[in-house]
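Right, one structure below, let's go through it.
Laboratory data are not the source of any read-out in this text; all were calculated from the coordinates shown. Just so it is clear, the model here is predicted, and its values are computed rather than measured. Reconstructed Cβ throughout: ideal geometry from the backbone, glycine too, with neighbour counts over all protein chains shown.
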Amino acid sequence: MEHSPHSPKRNTINALFSYLTKLPVSDGFLLKLAIGALFVSTVWFVIHVSTTTQVEISTSGGTFTEGIVGTPRFVNPVLAVTRADKDMSNLIYDGIMQLGSDGTLVPNIAESITISDDGLTYNIVLKQQVRFHDDTPLTADDIVFTIGQIQEPALASPLRASFEDVTIEQLSEYEINFVLPEPYTPFIENLTFGILPRHIWKDATIEEFPFSQHNSEPIGSGPYKIAKILRNTSGIPESYVLVPHTEHHDEVAKIDVLQLHFYTNEDTMIDAFNEGDLMSIAGIHHGRLSDLTLDPAHHTIITTPLPRTYALFFNQNKSAALRERSARAALNAAIDREALIDTVLGGYGTALTTPIPPGFGVAIAPTPETSTTTETALNHARGILRESGWKLNEETGVWEKTIDDIVTPLAFSITTVNSPIFEHTAEYLRTEWTKLGAAVTVKQFEQSDLTQTVIRPRDYETLLFGTALGRSLDFYSFWHSSQRNDPGLNVSLYANITTDSILSEARTNADKAARHAALTKFAAELEEEIPAVFLYSPAFLYVFPTYVTGASFDGLEKLSERFASIPHWYINTDSVWSLFSTDTD
């Protein structure tokens, strides 16, 4: 609405200007100066308030590049075996469960998960807004199909053992049951497997399944989808360019372009990093860190524990000397684990005197310090032998004891796989135990030969071995007496009624605190009997860019889970008034 020439507002403005023009020059100047100062201070106040009340928020944009050793062949959760396959699958596919930012498993495509009172039935209700990259809805049909492929013997899926004798029941388009033959609390961990789109794969026969182009050009429902594949002249993928799945059910990833480059070996990958082609490298051996051109302003080294333990297991059936607890106790006491970790892992690991790895919530009473240096450790070990009737043969330099009327030397072999970390660990043990007065030899095998000709027939005196325990720390396969024979992995042939009961309870009790208490008792039993020398838990090393924010690496069970939090990673930021911020990162 327009104002008339005689409106009160217009009259007031005219009167003000008339007043200003009638003021003396000096008074008018002062008044104008005051008005100007008021204007400037008002502008300054607005700018100051705006600046102090603004917050930084994450925004979309940026490119993230990472190098991986290996070539992706089966970007398919049913067949993925290599690290390259698993890394890609973790980005392309969604699971029923996923690793949460607090290091625990949380529902992913599941709306709800209900476990029956008897622990046998897992009822899964799916979210109805989950869509594959081709915009097809993900339903119970896809989960039933994926499990069917996993359980197909001819495909030899590495996940098959996790679902053996498990029945899946489809209740509706978005609801299923997993029915177990017996209670098994860690089963929830198996539900992180990626879901295949049935409509893409249903026409592939079992014979065609491993050769389908969808193994290298996958379609999933995960946070990223494939935008481009760069291949060499032989058609083998050398690089994948991924972009966010904009219809992702949880959160659209903030980093606009994700480039994964694949290399035949660590040397070429390190060269690419030093030339600036890569921002990050995961799982690199500590011995290669010095080969990287690292700028502290741009790179940080992430270290996080994995549920892995390295130990030397005694096969007392093969050695009379090792049947003596005093011999096992002395060998255990002689190892300066911190020196071992510095030598073998460059300091990137945690010393272990129990089977429990660090970082997974099980409280173990610390072992009393018996030594602070390698020499005091050896002196302590010598004292154990001497007090138990062992005598040092001055000619051979080896301890001896009469066992079953036979003079028996403290002599044995260490059997292990032919790889750097095991080779260096075995040599460290051999050197230290030789100083102690034991006659030790080392036998190394290729992985396949070690499994077939040594581990399965239990043909070794001691075995240097690594165990992958899973997030819930399930020791059953490694220590229950029922697992002493192949295909069980109780490589110490350990049998103890008390620990059998404890391990059975730990894998069936749904109460987390009760499981942890059971594992504490289990560790105490092993500490008393010494069926193995526990050495260390190596750290996962991730060379990561400092300018990527929002990443979380707590509770990793396997390397590929480093991408679990990737929808929350960001490079770009913006500033807005806090009133308008919806960023919860």
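Structure values in brief
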quantity	calculated
Residue-count net charge about residue 326 - beta-carbon cut-off 11 Å; Lys, Arg +1, Asp, Glu -1	+3
Cβ-placed point charges (K, R +1; D, E -1), dipole of the chain about Cα centre in debye, nearest 20	1160 debye
Exposure proxy ranking, count of Cβ atoms within 10 Å, fewest first, for 536, 476	476, 536
Total formal charge among the other residues, if their Cβ is under 10 angstrom from that of residue 562, Lys/Arg +1 and Asp/Glu -1	-2
For residue 413, residues with placed amide H under 5 Å, excluding near neighbours	441, 461, 462
In sequence order, calculated HN-Hα J values of region 470-475 (Karplus, 6.51, -1.76, 1.60; Hz; x Gly/Pro)	x, 4, 8, 6, 8, 8
J(HN,Hα) series, region 426-442, from Karplus relation 6.51 cos²θ - 1.76 cosθ + 1.60, nearest Hz, glycine and proline x	4, 5, 4, 4, 4, 5, 5, 6, 5, 4, 5, x, 10, 9, 10, 10, 10
Residues with amide H under 5 Å from that of residue 98, placed H, sequence gap 5 or more	106, 108
For region 76-121, diffusion coefficient by Stokes-Einstein and Kirkwood Rh (Cα), 37 °C, 0.692 mPa s, µm²/s	262 µm²/s
Prolate/oblate/rounded label for the chain (Cα gyration tensor, a/c 1.5)	prolate
Amide proton proximity set for residue 300, modelled H, under 5 Å, gap of 5+	544, 546
Inter-label distance for residue 508 and residue 407, nm, one decimal - labels placed 7 Å from Cα along Cα-to-Cβ	5.2 nm
Potential lengthening between residue 521 and residue 40 on full extension [0.36 nm per residue; Cα-Cα distance subtracted]	165.9 nm
Longest exposed-site-free window of the chain, the sites being GluC sites (Glu not before Pro) in a DSSP loop that have at most 13 other C-beta atoms within 10 Å	3-163
Using distinct alpha-carbon pairs, which all enter the 1/r mean, Kirkwood radius of region 308-539 in Å	18.2 Å
Residue-count net charge about residue 198 - beta-carbon cut-off 13 Å; Lys, Arg +1, Asp, Glu -1	-4
Neighbour-count ranking [beta-carbon atoms within 10 angstrom, fewest first] of 530, 341	530, 341
Mean separation of Cα contacts under 8 Å (6+ apart) over length of the chain, as relative contact order %	20 percent
Neighbour-count order for 116, 290, fewest beta carbons within 10 angstrom listed first	290, 116
Dipole of the chain, positive end: most advanced residue of 149, 298, 116 [Cβ charges, Cα centre]	298
Those aspartates and glutamates that a straight Cα-Cα span of less than 13 Å connects to residue 435, excepting residues fewer than 8 apart in one chain	336, 375, 427
Given 318/521; 318/443; 86/254, the pairs whose alpha carbons are separated by over 18 Å	318/521; 86/254
Computed helical MRE - 222 nm, the chain, DSSP H runs ≥ 4 contributing -39500 (n - 2.57), nearest 500	-8500 deg cm²/dmol
Whole-Hz couplings from phi, Karplus 6.51/-1.76/1.60, listed for region 164-177; x for Gly and Pro	5, 6, 8, 9, 10, 10, 8, 8, 6, 5, 10, 9, 9, 10
Antiparallel DSSP beta bridges within region 308-539, percent to nearest 5	70 percent
